[in-house]
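First the structure, in the form of structure tokens, and then the observations on it.
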Amino acid sequence: MNIIPWRKVDGPLAVENAFDDLWKGFSESFDRARYRMPAALQTMNYPPMNVTESENHLLVSVELPGMEVKDINIELMGDQLLISGERKWEEEKKGKEYRLVESQYGKFSRTLTLPENLRLERESIEATFQKGILEIKLMKVEPTPSAKIPIKSK
């Protein structure tokens, strides 16, 4: 026989506590299941993105193997760069049976918050796509030269 702890069940907090306990149980179950997932599914950062910075520009590289330019979308919204698209599943061909599929298919979206020192005009951003790599080059703003301001005494 299991012993169930007694709780006073009255007032609005009783319902809230019951839901908190229920959610905690679900959360713990999902956390345990997460460690049994393949490493690629644990991170969920698809597609892989690299960001490098030089003196003159910021370069965003996104790995999109097997995709075409028409399936990729790049948008600039305020200080955020949004890269989205869809990698479509190839149609099945007769006589071909998959034994293992590790490639990722479907819609994706990655958002990158940009630093303040970039020129965010559409004309100053260059995007190229070659051999499955999307590169987005964002030029930096010329730094404002510092100048000493003289102070006058009265």
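The values are calculated or read from the model by the stated rules, or taken from the named source; none is laboratory data. All of these numbers come straight from a predicted model, not from anything done at the bench. With ideal geometry, Cβ positions are generated from the backbone for all residues, glycine too; neighbour counts draw on all protein chains shown. These accessible areas exclude ligands, DNA and RNA; they are computed on the full protein's heavy atoms, side chains included. Shrake-Rupley method; radii C 1.70, N 1.55, O 1.52, S 1.80 Å.
Quick notes on this structure:
- Check: the range 63-123 dipole with +1 on Lys, Arg Cβ and -1 on Asp, Glu Cβ, in debye: 320 debye
- Using the Cβ-Cβ distance between LEU100 and LYS137 with R0 set to 41 Å, the FRET efficiency works out to roughly 0.65.
- Measuring between alpha carbons in the structure, the pairs from LYS96/LYS131; LYS107/LYS140; LYS88/LYS131 lying more than 22 angstrom apart are LYS96/LYS131; LYS107/LYS140.
- For the range 102-154, the per residue solvent-accessible surface stands at 88 Å², with DNA, RNA and ligands left out and a 1.4 Å probe.
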